[in-house]
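Q: For reference, the structure I am asking about is given below.
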Amino acid sequence: MTEVAVHIDDVSKKFRLYKERNQSLKSAIMRGRKSVHEDFWALNDISFDINTGETFGLVGDNGSGKSTLLKCMAQILYPDKGSIAMKGRVAALLEVGSGFHPELSGRENIFLNGSILGMSKQEIVKKFDSIVDFSGVSEFIDQPVKNYSSGMYVRLGFSVAIHVDPDILLVDEVLAVGDETFQQKCADKFVEFRRDGKTVIIVSHALGTMMTMCDRLAWLSHGELQAVGNPESVVAEYRGVAQ
Amino acid sequence: MAVSSEFKRSRELFINLTQRELKGKYKRTVLGQLWSLANPLALMLVYTFVFAFIFRIAPPVGSPSGLDAFPLWLLCGLLPWIFFSNVVQQGMGVLLANEGLIKKVYFPRNVLIFSSAASLAVNWGIEMMVLIVALVIAGAYGVIVWLPVVIFFMFLLAVFAVGIALMLSIANVHFRDTQYFVGIILQLGMYLTPVIYPISLVQVQSDRFGSLFGVFSLVDLYRLNPMERFLSAFRSLLYDNTWPALGDTVACVLISAVVFALGWVVFRRNERKLAEIL
Ligand SMILES: Nc1ncnc2c1ncn2[C@@H]1O[C@H](COP(=O)(O)OP(=O)(O)OP(=O)(O)O)[C@@H](O)[C@H]1O
Ligand SMILES: [Mg+2]
């Protein structure tokens with residue numbers, strides 16, 4: 001009775017690598033109609049499903065295409081081949097605090113950032129106290145965020161993002177933010193997500209944490225899917241190759 | 001359903017981004033929003049000094065309003081021009097300015113252009129209100145009656161400007177030259193549009209030359225500029241207190257509809273690639 005939350009079907013993503021790219025009209029005219037670039041396939045025929053309620057991890061070396069795949073899921077990038085079907089509301093934590101306006105206060109930024117992430121005003125009003133509470137920056141909430149420490153900045157951003165209340169949460173290496181108490185809070189939040197039957201997709205290099213947190217893992221290498229399955233075996237396989 | 005929730009989401013975001021623009025801009029300034037009035041006011045003083053006092057340009061007397069004041073006549077054209085120019089210039093750069101956001105978060109990208117234009121429209125609205133008060137004080141009471149039509153034309157100009165901004169913002173992502181090039185075009189454009197001198201002066205020169213190539217006159221060529229139509233409509237409404245010429249009205253409606261549709265299509269076709277090419 002497992003439902004599919006994310007259906008990834010034969011996805012390939014191509015980037016253009018420009019030999020020489022200064023985006024000026026002059027260079028475009030000089031090189032004539034044909035632009036000097038090479039196609040680079042960051043993802044190659046990736047297919048797998050992620051079930052609803054699963055905590056799913058993506059692992060792989062730097063540059064293996066994990067973030068690219070996550071961005072395709074978040075509709076920031078679009079695959080050149082294949083398709084991705086997402087079931088439910090999606091929220092991506094690719095970078096926390098993007099969209100903060102430095103001159104505006106924490107309070108104003110919660111509303112701004114919340115709406116960028118797709119929350120309605122009533123929703124933000126309803127969750128406002130909880131957002132401030134979770135972030136732990138309540139004393140500074142009416143200060144402009146440019147006066148925040150980098151940790152506080154991240155905490156507030158993370159707190160807003162986590163309150164979007166998505167069906168599918170995409171997280172790219174933002175687990176390591178904030179101090180220990182905050183990390184514990186985040187971990188608890190993920191447990192809560194999972195209890196509520198939400199799907200969480202995490203990218204991380206912390207293999208130990210991934211093994212304990214995730215139900216299944218996928219391993220990417222040079223844009224190819226190497227293995228999908230139970231965390232221990234995937235990590236063992238991945239580590240085997242790394243050595 | 002998906003479409004309507006998408007629309008609702010855009011609307012919410014639109015309102016918030018517009019507020020960010022408005023609130024963030026004049027934070028920590030003593031005069032705050034008043035600064036947005038300072039620029040047109042300063043231009044008015046300079047242009048009035050140079051063109052009315054030194055060059056002795058005399059605008060036509062408003063009919064039926066009976067107004068005869070260069071500064072007011074100037075502002076009726078200058079304020080719409082500044083708005084247009086700002087929307088194009090700011091809108092063009094807004095994708096680059098929000099690169100970080102576009103690369104990290106999914107949201108309808110055109111909201112960036114719309115909210116940039118909306119924040120400028122708020123400032124323009126305030127400027128226009130001040131102008132209208134000034135016009136009434138100067139004796140053009142009739143302007144009150146024309147307010148709904150003025151608002152209609154303000155809407156048309158906004159649509160036109162946003163259409164151009166949508167197109168140029170995409171062009172600017174591909175070729176960063178666009179913003180500098182367009183900046184110069186806008187500067188020239190102000191002098192090739194009857195902002196600070198009346199079109200009657202162009203008519204005089206045009207009559208001197210007669211028809212060019214036997215087909216059109218200089219003034220016909222001059223009037224191909226859509227902004228000329230808009231300014232002529234605004235001056236009829238605000239300064240003369242009468243209906244704009246039918247030809248100008250039709251031209252404004254058609255041009256803004258076509259340009260906006262074009263801008264929309266261009267933007268639609270390119271917005272998916274933005275995160276990659278930025
Ligand atoms: N916009 C882009 N243009 C060109 N190449 C890109 C672009 N984005 C990513 N790439 C390339 O795609 C490949 C995969 O990048 P990606 O960011 O997905 O790696 P990753 O698995 O997330 O690595 P890391 O563990 O370092 O975060 C890299 O070789 C990268 O250079
Ligand atoms: Mg990455």
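Q: When segment A:77-96 is examined, which residues are found to be within 25 Å of A:ASP196 (Cα to Cα) and either within 12 Å of ligand 2 (Cβ to nearest atom) or assigned to a loop (DSSP other than H, G, I, E, B) (or both)?
A: If the condition is that a residue be within 25 Å of A:ASP196 (Cα to Cα) and either within 12 Å of ligand 2 (Cβ to nearest atom) or assigned to a loop (DSSP other than H, G, I, E, B) (or both), then A:LYS87, A:GLY88, A:ARG89, A:LEU94, A:GLU95, A:VAL96 are the ones that fit.
Q: Quick check, is B:LEU246 farther than 24 Å from B:MET167 by Cβ and crowded, with 16+ Cβ neighbours inside 10 Å?
A: no
Q: Continuing with the same structure: Take segment A:55-76 and flag every residue that is in a loop (DSSP other than H, G, I, E, B) and near ligand 1 (Cβ under 8 Å from one of its atoms).
A: Correct list: A:ASP61, A:ASN62, A:GLY63, A:SER64, A:GLY65.
Q: Which residue pairs have Cβ atoms under 6 Å apart, sit 6 or more places apart or on different chains, and have a first residue in segment A:50-68 that is more than 14 Å from chain B (Cβ to nearest Cβ) and a second that is more than 9 Å from ligand 1 (Cβ to nearest atom) and of a type in the set (Lys, Arg)?
A: From residues that are more than 14 Å from chain B (Cβ to nearest Cβ), the pairs are A:THR55/A:ARG194; A:PHE56/A:ARG216.
Q: Tally the residues that are farther than 17 Å from A:GLN184 by Cα and at pLDDT 90 or above, restricting the search to segment A:115-131.
A: Within segment A:115-131, the first condition is being farther than 17 Å from A:GLN184 by Cα, and the residues that meet it are A:115-129.
After this cut, where a residue has to be at pLDDT 90 or above as well, the list is A:122-129.
Within segment A:115-131, residues that are farther than 17 Å from A:GLN184 by Cα and at pLDDT 90 or above number 8.
Q: Now a separate question. Pull up segment A:190-208, narrow it to residues that are more than 16 Å from the chain's Cα centre (by Cα) and among the basic types (Lys, Arg), then point me to the one that is nearest to A:SER221 (Cα to Cα).
A: A:ARG194
Q: Turning to a different aspect of this structure: Evaluate the following for A:ASP188: is it more than 14 Å from chain B (Cβ to nearest Cβ) and among the acidic types (Asp, Glu)? Quick ask: steps written out before the conclusion?
A: Values: more than 14 Å from chain B (Cβ to nearest Cβ): yes; among the acidic types (Asp, Glu): yes.
So A:ASP188 fits the description; yes.
Okay, residues lined up against (1) in contact with an Asp or Glu (Cβ under 6 Å, 6 or more places away or on another chain); (2) over 21 Å from B:LYS23 (Cα atoms); (3) not charged (D, E, K, R):
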site	(1), (2), (3)
A:TYR78	no, yes, yes
A:SER83	yes, yes, yes
A:VAL125	no, no, yes
A:LEU156	no, no, yes
A:SER159	no, yes, yes
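Q: Which condition number does B:LYS27 fail, the rest of (1) buried (at least 18 other Cβ atoms within 10 Å of the Cβ); (2) more than 23 Å from the chain's Cα centre (by Cα) being met?
A: Tallying (1) buried (at least 18 other Cβ atoms within 10 Å of the Cβ); (2) more than 23 Å from the chain's Cα centre (by Cα), B:LYS27 fails exactly one: (1).
Q: Could you figure out which of (1) farther than 24 Å from A:MET73 by Cα; (2) of a type outside the set (S, T, N, Q); (3) in contact with a Cys (Cβ under 9 Å, 6 or more places away or on another chain) isn't true of A:VAL200?
A: Only one criterion is unmet by A:VAL200, namely (1).
Q: Return yes or no: is B:GLN33 part of a helix (DSSP H, G or I), within 14 Å of chain A (Cβ to nearest Cβ) and either under 21 Å from the mean Cα position of the chain (by Cα) or buried (at least 18 other Cβ atoms within 10 Å of the Cβ) (or both)?
A: The answer is no for B:GLN33.
Q: Please tell me if B:VAL94 is of a type outside the set (S, T, N, Q) and within 14 Å of chain A (Cβ to nearest Cβ).
A: The answer is yes for B:VAL94.
Q: Taking A:ALA206, is it within 16 Å of ligand 1 (Cβ to nearest atom), surrounded by fewer than 18 Cβ atoms within 10 Å (Cβ to Cβ) and of a type outside the set (Asp, Glu)?
A: Yes.
Q: Here is a follow-up. Give B:GLU228, B:GLU276 a once-over and let me know the one that is in a helix (DSSP H, G or I), acidic (Asp, Glu) and in contact with a strand residue (DSSP E or B) (Cβ under 9 Å, 6 or more places away or on another chain).
A: Step by step, each of B:GLU228, B:GLU276 is checked, and only B:GLU276 is in a helix (DSSP H, G or I), acidic (Asp, Glu) and in contact with a strand residue (DSSP E or B) (Cβ under 9 Å, 6 or more places away or on another chain).
Q: May I ask you to list the residues in segment A:209-241 that are more than 20 Å from the chain's Cα centre (by Cα), in contact (Cβ under 8 Å) with a residue 12 or more places away in the chain and surrounded by fewer than 16 Cβ atoms within 10 Å (Cβ to Cβ)?
A: A:GLY229, A:ASN230, A:GLU232, A:GLU237, A:ARG239, A:VAL241
Q: Of the numbered conditions (1) at pLDDT 90 or above; (2) not assigned by TED's automatic domain parsing to the domain that holds A:ASN113; (3) not basic (Lys, Arg), A:TYR148 fails exactly one; give the number of that condition.
A: Of the numbered conditions (1) at pLDDT 90 or above; (2) not assigned by TED's automatic domain parsing to the domain that holds A:ASN113; (3) not basic (Lys, Arg), the odd one out for A:TYR148 is (2).
Q: Now for a separate question. Can A:VAL59 be described as among the β-branched types (Val, Ile, Thr) and not assigned by TED's automatic domain parsing to the domain that holds A:TYR18?
A: no
Q: Please enumerate the residues belonging to segment A:132-165 that are under 19 Å from A:ALA187 (Cβ atoms) and surrounded by fewer than 22 Cβ atoms within 10 Å (Cβ to Cβ).
A: The answer is A:ASP133, A:PHE134, A:GLY136, A:GLY151, A:VAL154, A:VAL164, A:ASP165.
Q: Take segment B:195-217 and flag every residue that is part of a loop (DSSP other than H, G, I, E, B) and at pLDDT 90 or above.
A: B:VAL195, B:ILE196, B:TYR197, B:PRO198
Q: Does B:PHE84 satisfy the condition of being in a helix (DSSP H, G or I) and free of Cβ contacts under 8 Å to residues at least 40 places away in the same chain?
A: Considered against the rule, which asks whether it is in a helix (DSSP H, G or I) and free of Cβ contacts under 8 Å to residues at least 40 places away in the same chain, B:PHE84 comes out as no.
Q: Still on this structure: Is it fair to say A:LYS185 is basic (Lys, Arg), free of Cβ contacts under 8 Å to residues at least 12 places away in the same chain and surrounded by fewer than 22 Cβ atoms within 10 Å (Cβ to Cβ)?
A: Details: basic (Lys, Arg): yes; free of Cβ contacts under 8 Å to residues at least 12 places away in the same chain: no; surrounded by fewer than 22 Cβ atoms within 10 Å (Cβ to Cβ): yes.
Criteria not met by A:LYS185.
Q: Next question. Going through A:GLU103, A:GLU173 one at a time, which residue ends up being within 16 Å of ligand 1 (Cβ to nearest atom) and in contact with a strand residue (DSSP E or B) (Cβ under 9 Å, 6 or more places away or on another chain)?
A: Just a single option satisfies the conditions, and that option is A:GLU173.
Q: When only residues in segment B:117-139 that are in contact (Cβ under 8 Å) with a residue 60 or more places away in the chain and under 22 Å from B:CYS252 (Cβ atoms) count, which is nearest to the other protein chains (Cβ to nearest Cβ)? Even if it seems obvious, please write down each step before you answer.
A: Let us first name the residues in segment B:117-139 that are in contact (Cβ under 8 Å) with a residue 60 or more places away in the chain, namely B:118-119, B:122-123, B:126-127, B:130-132, B:134-135, B:138-139.
Still in the running and under 22 Å from B:CYS252 (Cβ atoms): B:118, B:122-123, B:127, B:131-132, B:135.
Working: B:ALA118: 14, B:VAL122: 17, B:ASN123: 17, B:GLU127: 23, B:LEU131: 29, B:ILE132: 32, B:LEU135: 35 Å.
Here the residue is B:ALA118.
Q: Out of all the residues in segment A:7-51, which are at pLDDT 95 or above, away from ligand 2 (no atom under 16 Å from the Cβ) and of a type in the set (Val, Ile, Thr)?
A: Scanning segment A:7-51 gives A:ILE8, A:VAL11, A:ILE50.
Q: Considering each residue of segment A:69-84, count those that are within 12 Å of chain B (Cβ to nearest Cβ) and either under 11 Å from the mean Cα position of the chain (by Cα) or of a type in the set (S, T, N, Q) (or both), and give that number.
A: Residues that pass the stated criteria total 7.
The values are calculated or read from the model by the stated rules, or taken from the named source; none is laboratory data. Quick caveat, the model's predicted, so the values are computed rather than measured. When we count neighbours, we look across all protein chains shown, and the Cβ atoms used for this are built from the backbone with ideal geometry, even at glycine.
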